[in-house]
1. Is it true that some residue in region B:40-59 is open to solvent by 70 Å² or more (accessible area, probe 1.4 Å) and closer than 17 Å to B:Thr133 by Cβ?
2. Taking region A:3-55 only, how many residues are more than 14 Å from chain B (Cβ to nearest Cβ) and either assigned to a strand (DSSP E or B) or surrounded by fewer than 17 Cβ atoms within 10 Å (Cβ to Cβ) (or both)?
3. For region B:120-130, how many residues meet the condition of being surrounded by fewer than 16 Cβ atoms within 10 Å (Cβ to Cβ) and under 11 Å from the mean Cα position of the chain (by Cα)?
4. Based on what the data block shows, is B:Leu76 more than 10 Å from the chain's Cα centre (by Cα), farther than 18 Å from B:His129 by Cα, buried (at least 17 other Cβ atoms within 10 Å of the Cβ) and not polar (S, T, N, Q)?
5. Among the residues of region B:45-72, which ones are free of Cβ contacts under 8 Å to residues at least 40 places away in the same chain and among the polar types (S, T, N, Q)?
6. For residues that are within 14 Å of another protein chain (Cβ to nearest Cβ) and open to solvent by 80 Å² or more (accessible area, probe 1.4 Å), scanning just region A:70-99, find the one that is farthest from A:Asn45 (Cα to Cα).
7. From the list A:Val49, A:Val83, which one is modelled with pLDDT of 95 or more and touching a helix residue (DSSP H, G or I) at 6+ places or on another chain (Cβ under 7 Å)?
8. In region B:3-37, what residues are surrounded by 19 or more Cβ atoms within 10 Å (Cβ to Cβ), under 18 Å from A:Ile57 (Cα atoms) and touching a strand residue (DSSP E or B) at 6+ places or on another chain (Cβ under 8 Å)?
Amino acid sequence: MSYKISEEGNVATVHLDGEIDMDVTEKAKEVIMPLIEAGKEVHLNLKEVQYMDSSGISVLIESHQKAAELGTKVILKEISKSVLKVIMMAKLEQILIIE
Amino acid sequence: MTIDDHKEFPVDSASLKEIRNFAREVLAKDEMFSSTKDDVVLAIAEAAQNIVKHAYSGQPTGDTMRVEITFKDNELKIDLYDKGKPVIPENIKPRQIDDVKPGGLGTFFIGQIMDEVIFKTSASDWVNHLILTKNY
């Protein structure tokens, strides 16, 4: 997994790339959580994520819940087809914020 | 068409990508799997992840796990073997899907994707034996 962060005002956009599994979830959290804790609205661009398993989905849930707790939000953008399929299998498309 | 492939991997989260690639290579052998390949790869990877996370509690080990993929008489069968803590099948419950929390999703995914999931603890040379099947 690789990532790129850009910030504009209070919005931080994180472009994730590659495969997100148990082996990289800590790294993903280390990238996303500080932005949420800083009160940023986080846009997660998942266009280049070819694979995500339950560990990756857990990161999305934790990020969403942490943001809600701190009064901000995490918005999932340009979700790849394969990741969207897993989100839908987990029946989270109505819970996570997807644009 | 029949398939009979197997490979052993170190019990480590770093092996998950290799396991996915092995499963992808095997399932690429027949067009029949093209529409379900990604799902089955996910199920295999989730099962392997459960071995790392639960059978070994995420602790470093020199052990390996074995993944066997066979296809015969329209049945795809995945056998996963490990030497971790014995699995107590009654304790393995998928997360209630309306309970939104991190964790417990892997077993739910496996159940959604595969037709049958069987745990055995009597495999010779191994401790746990998980059998996943899907009919085509």
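1. First pass over region B:40-59, keeping only residues open to solvent by 70 Å² or more (accessible area, probe 1.4 Å): B:53-54, B:59.
Those still in the list that are closer than 17 Å to B:Thr133 by Cβ too: none.
No - not one qualifying residue is present in region B:40-59.
2. First, the residues of region A:3-55 that are more than 14 Å from chain B (Cβ to nearest Cβ): A:3-17, A:30-31, A:34-48.
Okay, now just the ones that are also either assigned to a strand (DSSP E or B) or surrounded by fewer than 17 Cβ atoms within 10 Å (Cβ to Cβ) (or both), so A:3-17, A:30, A:34, A:37-39, A:41-48.
The qualifying residues number 28.
3. 0
4. Values: more than 10 Å from the chain's Cα centre (by Cα): yes; farther than 18 Å from B:His129 by Cα: no; buried (at least 17 other Cβ atoms within 10 Å of the Cβ): yes; not polar (S, T, N, Q): yes.
So B:Leu76 does not fit the description; no.
5. Hits for region B:45-72 are B:Ser57, B:Gln59.
6. Narrowing region A:70-99 to residues within 14 Å of another protein chain (Cβ to nearest Cβ): A:74, A:80-97.
Pick out the ones that are also open to solvent by 80 Å² or more (accessible area, probe 1.4 Å) and you get A:81, A:85, A:88, A:91, A:94.
Details: A:Lys81: 13, A:Lys85: 16, A:Met88: 17, A:Lys91: 20, A:Gln94: 18 Å.
The residue in question is A:Lys91.
7. Details: A:Val83 fails: touching a helix residue (DSSP H, G or I) at 6+ places or on another chain (Cβ under 7 Å).
Going through A:Val49, A:Val83 in turn, the sole match is A:Val49.
8. Selection gives B:Arg20 alone.
The values are calculated or read from the model by the stated rules, or taken from the named source; none is laboratory data. Just so it is clear, the model here is predicted, and its values are computed rather than measured. Neighbour counts are summed over all protein chains in view; Cβ atoms, including those assigned to glycine, are modelled from backbone coordinates with ideal geometry. Note: areas computed on protein heavy atoms with side chains; ligands, DNA, RNA excluded. Shrake-Rupley method; radii C 1.70, N 1.55, O 1.52, S 1.80 Å.
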